[in-house]
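Everything on this sheet refers to the single structure shown next.
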Amino acid sequence: LSKVIAYIKFLINSKNEHGVHSPFVFNLVTQCLYEKSTPDGFSTWKKFRHQLISNQDFIHVTDFGAGSKVFTSDKRQVSKITKHAGISEKRARLIMKLTHYFNFKNTLEIGTSVGLGTSAIALGNANMRITTLEGCHETANVAKSMFDE
């Protein structure tokens, strides 16, 4: 029993690829997730995020999802939407690494918001075709204006 407990503790605390047996997962871990270099388009993504955070415009948001725990009004500032609903730098790096590694040809994104996640997907693989959907017309316009730049 103590060996089983020790093995479970090892699996929980293991932080490297040596315990990975599947070739697919091993390659994913070693060639994608543990890759230390910054993705090529990351500086472009950061500029995109900075532009959105600097955008002080207010828009009327039609929320088709579960609603917001942060916002109480349908009138929201683009910069605050970006800060609260946008993806973090860490997640953007991960998305860019994954889209580059898997070399997707087509991607469907549902719930674009202001386009921060979409831009990370696009910058991870420039040869990919992205179809993105956003139910709120004004939020979609913010994303579209950023994509057009």
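The values are calculated or read from the model by the stated rules, or taken from the named source; none is laboratory data. Keep in mind it's a predicted model, so treat the numbers as computed, not measured. Neighbour counts are summed over all protein chains in view; Cβ atoms, including those assigned to glycine, are modelled from backbone coordinates with ideal geometry.
Kindly establish whether T139 is exposed (fewer than 14 other Cβ atoms within 10 Å of the Cβ) and more than 16 Å from the chain's Cα centre (by Cα). Spelling it out, it is not the case that T139 is exposed (fewer than 14 other Cβ atoms within 10 Å of the Cβ) and more than 16 Å from the chain's Cα centre (by Cα). Check whether at least one residue in the stretch 125-142 is in contact with a Phe, Trp or Tyr (Cβ under 8 Å, 6 or more places away or on another chain) and on the phi > 0 side of the Ramachandran plot, and report yes or no. No, the stretch 125-142 has no match at all. Report whether or not V78 is in the same structural domain as A140 (by TED's automatic domain parsing) and on the phi < 0 side of the Ramachandran plot. Yes. Taken together, the residues in the stretch 78-104 that are of a type in the set (K, R) and more than 15 Å from T139 (Cβ to Cβ) amount to 4.
Yes/no matrix, rows are residues, columns are (1) under 12 Å from the mean Cα position of the chain (by Cα); (2) more than 27 Å from A66 (Cα to Cα); (3) free of Cβ contacts under 8 Å to residues at least 40 places away in the same chain:
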residue: A85; (1), (2), (3): yes, no, yes
residue: T99; (1), (2), (3): yes, yes, yes
residue: I121; (1), (2), (3): yes, no, yes
residue: N125; (1), (2), (3): no, yes, yes
residue: L133; (1), (2), (3): no, no, yes
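Being in contact with a helix residue (DSSP H, G or I) (Cβ under 8 Å, 6 or more places away or on another chain) and surrounded by fewer than 16 Cβ atoms within 10 Å (Cβ to Cβ) holds for only one residue in K75, K83, K144, K47, and it is K83. Within the stretch 6-32, can you find the residues that are modelled with pLDDT of 80 or more and among the aliphatic types (A, V, I, L, M)? Across the stretch 6-32, the qualifying residues are V25, L28, V29.
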